[in-house]
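Everything below concerns the one structure shown next.
The values are calculated or read from the model by the stated rules, or taken from the named source; none is laboratory data. Predicted, not measured: the structure shown is a model, and the values here were computed from it. Cβ coordinates were reconstructed from backbone atoms using ideal geometry, including for glycine residues, and neighbour counts include every protein chain displayed. Accessible surface is based on the protein model in full, side chains and every heavy atom, while ligands, DNA and RNA are left aside. Shrake-Rupley method; radii C 1.70, N 1.55, O 1.52, S 1.80 Å.
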Amino acid sequence: MLWLLLGMGIAGILTLIFHTFYVKTSQVKVEASCSPLTIVHLSELHGRTRFLNGALHRLVNRFEPDLIVVTGDLAQHFGQLERVLKELGRMKSKDGIFFVPGNYEREQSVGLKKKKYSPEAYEASKIAWKEKMVILENAAFEIEKDKSCIQIYGFDNSVYGNERYQQMKLRSPVANLTILLAHSPKIISFVKEHHIRANLLLTGHTHGGQIRIFGRTFGEYKHFHIGQKADETVGLFCISRGLGTSRLP
């Protein structure tokens, strides 16, 4: 039994090291009439700003991104938020950092329990977020770049049922590229129900499956894919594994 536990511990450490140094880069084509973009997608930080291969801002800045998008769960508790936002402030993006809230923007871990933030605490957090990022809570943002119009729409599904879609009045007649952001991949049901068209959907929340044993996923999100998948409604549907974890290392 001792040797078994020791072996599992070594395997766990090696797995942690591998996944820490593993940075996934995807070169994808979407049906959009605009110049190539470099987008860094961050999700599920849960208070993590430094890894075995360095500080997060250094890992991000080496890609010289046009856009940085953050799909929720910045911190495990309010005490970590200042450090995380300071790290985000060190990131360099040509066209901005865009943020949609996750469930850990509405609640925090206190020991082994979760405690909901009060509405006042949530609004206080928003003031801090706005200093570093553009917040999209059921709202859109338009970027004019290289004679192209890029529309970014962020859904608030930090609490299921908060999702809304408001058609944006663009300065340009047509968006060359439409990017949707949400924390949970469950947003795909809302998108399809409301016949919302896009070129790219970026989400997180599932941590690569939430519960995953020997390549098989269990639990509430087992029917969702990991990584990217072509979709007739949103073009390309991407679900990030995330950077940090909640409770389990």
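Share of antiparallel DSSP beta bridges in the stretch 54-192, in percent to the nearest 5?
Numbers: 11 of 21 bridges.
Counting DSSP beta bridges with both partners in the stretch 54-192, the antiparallel share is about 50 percent.
Extending each Cα 7 Å along its Cβ direction at residue 222 and residue 26, get the distance between those two points in nm, one decimal.
For residue 222 paired with residue 26, the spin-label model returns 2.4 nm.
Among the complete DSSP H segments of the chain, which ones combine at least 27 Å of alpha-carbon extent along their axis with a mean Kyte-Doolittle hydropathy of -0.5 or more?
2-21
Which residue, 30, 40, 59, has the largest displacement toward the positive end of the dipole of the stretch 22-78 when charges sit on each Cβ (Lys, Arg +1; Asp, Glu -1)?
Comparing the listed Cα positions along the dipole, 59 ranks first.
At residue 174 and residue 58, where each label point lies 7 Å from the Cα along Cα→Cβ, what is the point-to-point distance in nanometres?
4.5 nm
Residue 115: which lysines have alpha carbons under 16 Å from its alpha carbon, excluding same-chain residues fewer than 8 sequence positions away?
Partners found: none.
Place a label point 7 angstrom from the Cα of residue 146 along the Cα-to-Cβ direction, then list the residues of the stretch 31-67 whose backbone nitrogen is under 19 Å away.
31-41, 62-67
Out of the DSSP beta bridges found with both residues in the stretch 128-249, what percent are antiparallel (nearest 5)?
55 percent
Which percent, to the nearest 5, of DSSP beta bridges fully inside the chain are antiparallel?
50 percent
Let me check the size of the stretch 106-249 from its C-alpha atoms; what are the radius of gyration and Dmax in Å?
My reading of the Cα-based Rg and Dmax gives 16.8, 51 Å.
Normalised by the number of residues in the chain, what is the relative contact order in percent for Cα pairs under 8 Å and 6+ residues apart?
Averaging sequence separation for qualifying contacts and normalising by length gives 18 percent for the chain.
Can you sort 112, 59 by 1.4 Å-probe accessible area, starting with the largest?
112, 59
Using a 1.4 angstrom probe and counting only protein chains, how large is the accessible area of residue 8 in Å², to 10?
The accessible area of residue 8 comes to roughly 120 Å².
With an 8 Å cut-off on Cα pairs and a minimum separation of 6 or more residues, tell me the relative contact order of the stretch 174-246 in percent. Intermediate results must be reported in sequence, preceding the final value.
On the way: 118 pairs, mean separation 24.1, N = 73.
So the answer I get is 33 percent.
Distance in nm between label sites at residue 162 and residue 3, each 7 Å beyond Cα in the beta-carbon direction?
With each label point 7 Å from Cα toward Cβ, the separation is 5.2 nm.
With +1 on each Lys and Arg Cβ and -1 on each Asp and Glu Cβ, how big is the dipole of the chain about its Cα centre, in debye rounded to the nearest 20?
With Lys and Arg at +1 and Asp and Glu at -1, about 580 debye.
Any idea of the accessible area per residue across the stretch 43-102, 1.4 Å probe, to the nearest Å²?
So the stretch 43-102 comes to 40 Å² accessible per residue, rounded to a whole number.
Carbon and sulfur together cover what percent of the accessible area of the chain at a 1.4 Å probe radius?
About 56 percent, which is the carbon plus sulfur part of the accessible surface.
Sort 224, 98 by accessible area with a 1.4 Å probe, largest first.
224, 98
Any idea which of 103, 78, 194 is furthest toward the positive side of the dipole for the chain, if Lys and Arg beta-carbons carry +1 and Asp and Glu beta-carbons -1?
Positive-end residue among those listed: 78.
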